[in-house]
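A.B. asks: Sharing a structure, written as structure tokens. Questions coming.
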Amino acid sequence: MSYFHQLAKLLFEANLLKRIERTGYSYLGTGKEDVAKHSFGTVFCAYILCQFFRGKVDVAKVLTMALFHDFPEARTGDFNAVNKLYNQADEERALSEAVGTFPFGEEILTLFKEYRALETLEAKIVHDADTLDLMLQLKEQKDLNNPYAERWLRYAKRRLILEESKSLAEAILETEWCSWWLERLIKVDTDKES
């Protein structure tokens, strides 16, 4: 099998993450998200957090770590907090079998282990980005009147490590999920009436 065929298989595996649902929303009662959407959100949050640490953090490393932080779920599925009380997935093995034969495989595996160890600034950024992405989803659900989202938000907020992440989380909690576009529409309507 050619190298390009091996890459094609890896791309199909990554593509599967678009169809693997994050299972925690069943317990929340509302909302829905697949692993790929969450991974995008985590990468985006990680990029934003990197801006607080310019010159002190390897942004490419952070973004790669964030991109692959849930990649093993293509093979293991998504285990939410309740599932993890009863099940354990061998995510390192799943990732190793997915990327281990590629020239970049060792780098990905090393970054994954670093992420899990939570000892470097890069790993802490990705950890907090993962949590902030969840908080964005939960805040939306809270604003849409899910009565349980507030409890989940408090739990998620306690998991944050970095002070910058905690400050960003406070801003998220103080901001309506739709304000970025709704306030603009209200202003446009007000300007038209003037």
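Computed from the coordinates by the stated procedures, all read-outs in this text should not be read as laboratory data. Everything numeric here is computed off the predicted structure, so don't read it as measured data. Heads up, the Cβs are rebuilt from the backbone with ideal geometry, glycines too, and the neighbour counts pull from every protein chain shown.
A.B. asks: Sum up the charges of everything whose Cβ sits under 10 Å from the Cβ of residue 178, counting Lys and Arg as +1 and Asp and Glu as -1, but leave residue 178 out. It would help to have the intermediate numbers written out before the result.
C.D. replies: Values: positive: none; negative: 140, 143, 176, 183.
Here the charged neighbours net out to -4.
A.B. asks: First measure r as the distance between the Cβ atoms of residue 92 and residue 173, then evaluate 1/(1 + (r/R0)^6) with R0 = 35 Å and state the FRET efficiency to the nearest 0.05.
C.D. replies: Plugging the Cβ-Cβ distance into 1/(1 + (r/R0)^6) gives 0.55.
A.B. asks: Please list, or write none, the lysines whose alpha carbon is within less than 21 Å of the alpha carbon of residue 61, excluding same-chain residues fewer than 8 places away.
C.D. replies: Of all the lysines, those that pass the test against residue 61 - Cα under 21 Å, at least 8 places apart if same chain - are 37, 113, 124.
A.B. asks: Reachable lysines from residue 187, Cα under 28 Å, same-chain residues fewer than 8 places away excluded?
C.D. replies: Here the lysines satisfying the reach criterion relative to residue 187 are 139, 142.
A.B. asks: Also: With a cut-off of 8 Å between alpha carbons and a minimum separation of six or more residues, what is the relative contact order of the chain in percent?
C.D. replies: 21
A.B. asks: Further question: Would you mind ranking 155, 115, 25 by Cβ crowding within 10 Å, fewest neighbours first?
C.D. replies: By the 10 Å Cβ count, ascending, the order reads 155, 25, 115.
A.B. asks: Ratio of Rg to Rh for the chain, alpha carbon only, Kirkwood? Spell out each step's value before the answer.
C.D. replies: Working: Rg = 18.6 Å, Rh = 18.2 Å.
That ratio equals 1.02.
A.B. asks: Please rank 30, 76, fewest neighbouring Cβ atoms within 10 Å first, as an exposure proxy. List each step's numbers first, then the result.
C.D. replies: Numbers: 30 14, 76 18.
Taking fewest neighbouring Cβ atoms as first place, the list is 30, 76.
A.B. asks: Same structure again: Per-residue ellipticity at 222 nm for the chain, helices alone: DSSP H runs ≥ 4 residues times -39500 (n - 2.57), over residue total, nearest 500 deg cm²/dmol?
C.D. replies: -21500 deg cm²/dmol
A.B. asks: List the equivalent ellipsoid semi-axes of the stretch 17-104 in whole Å, largest first, each obtained as the square root of 5λ for an eigenvalue λ of the Cα gyration tensor.
C.D. replies: Three semi-axes, in Å: 25, 19, 11.
A.B. asks: Neighbour counts of other C-beta atoms within 10 Å: give me 82, 59, 35 arranged from fewest to most.
C.D. replies: By the 10 Å Cβ count, ascending: 82, 59, 35.
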